[in-house]
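Note sheet for the following structure.
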Amino acid sequence: MLDAIRKKLPRIIAIANQKGGVGKTTTAINLAAALVDEGYNVLIVDLDPQGNASTGLGVEAAERELTTYDLLLDDADLADVLRPTSIDGLWITPATTDLSSADIEMVANEKRSFLLHDALRQPAIDRYDLDYILIDCPPSLSLLTVNAMVASHSVLVPLQSEFFALEGLSQLMLTIREVRQSANPDLRIEGVVLTMFDGRNNLSQQVENDARDNLGDLVFRTIIPRNVRVSEAPSYAVPVLEYDPGSKGSHAYRALARELVARSHATTG
């Protein structure tokens with residue numbers, strides 16, 4: 001009911017894959033920056049206890065007094081948790097290792113699957129005039145990830161261009177289906193984005209072919225290349241678009257942002 005009376009709710013997208021090392025956080029940071037580059041206001045919700053998205057956007061551990069943990073479990077006001085970044089139009093709710101215990105602490109809460117859903121629909125969010133919220137999920141199909149899916153309109157899946165890439169994807173799709181049946185019937189798959197792609201590598205091309213054969217139009221046309229600039233940017237606590245705007249990685253994330261926006265508009269009309 002609350003959603004219905006809002007003038008505009010941001011589009012909420014969970015970036016999820018239970019496999020680690022697939023470029024999930026890298027995608028969250030750089031896709032967010034690329035969306036800002038396109039003129040949109042974006043919030044990243046760091047839902048990973050490792051807090052890599054927070055670190056990658058320059059939020060030092062000592063500065064994370066209130067975090068996504070407080071948002072979920074202590075009913076903290078969104079305005080107190082949300083932090084600006086060095087990029088105008090990009091905010092983050094930071095994370096710390098406190099989130100590691102969140103799954104256990106949420107179990108006793110009868111609304112355990114809806115905690116993030118409700119937190120992101122606080123009236124305070126309206127003041128930021130957000131267009132997109134990207135949730136950087138932990139590398140597991142945990143209660144935190146379920147919270148992200150219940151809170152979201154869609155799920156974006158980064159898929160590393162490596163052997164066994166498609167293995168485990170069926171379990172993620174099953175989880176999405178279960179969330180759709182039980183708690184969020186409107187949840188859909190935004191798409192699958194191939195990451196760390198090396199066009200010189202036959203294996204990368206085989207993974208792309210397999211993904212497109214099995215998943216069809218769910219696979220984004222845009223492919224994120226393996227790019228040293230993308231790998232270097234986090235050590236400077238900035239997205240690659242700021243670190244090296246002319247790099248292949250920057251161009252790829254801008255293309256992904258434009259494709260995502262086009263898909264969103266096609267879906268919402």
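From the alpha carbon centroid of segment 76-122 to that of segment 157-184 is 23 Å. Computed from the alpha carbon atoms alone, the convex hull of the chain holds 120 Å³ per residue. Seen against the Cα atoms of the chain and their longest principal axis, helix 202-215 is set at about 60 degrees. Taking Cβ atoms as reference points and 12 Å as the exclusive limit, the residues near Lys248 contribute a net charge of +1, counting Lys and Arg as +1 and Asp and Glu as -1.
Against the longest principal axis of the chain, how steep is helix 24-37, in degrees 0 to 90 to the nearest 10, with axes from Cα atoms? Once rounded, one gets 80 degrees. Expressed as a whole percent, the accessible area of the chain that falls on carbon and sulfur atoms is 49 (1.4 Å probe). Calculated accessible area for the chain comes out at 44 Å² per residue, all protein chains present (probe 1.4 Å; ligands, DNA, RNA ignored).
Seen against the Cα atoms of the chain and their longest principal axis, helix 248-268 is set at about 60 degrees.
The values are calculated or read from the model by the stated rules, or taken from the named source; none is laboratory data. Just so it is clear, the model here is predicted, and its values are computed rather than measured. FYI the Cβ positions are ideal-geometry reconstructions off the backbone, even for glycines, and counts take in every protein chain you see. Calculation scope for accessible area: heavy atoms of the full protein, side chains included, ligands and nucleic acids excluded. Shrake-Rupley method; radii C 1.70, N 1.55, O 1.52, S 1.80 Å.
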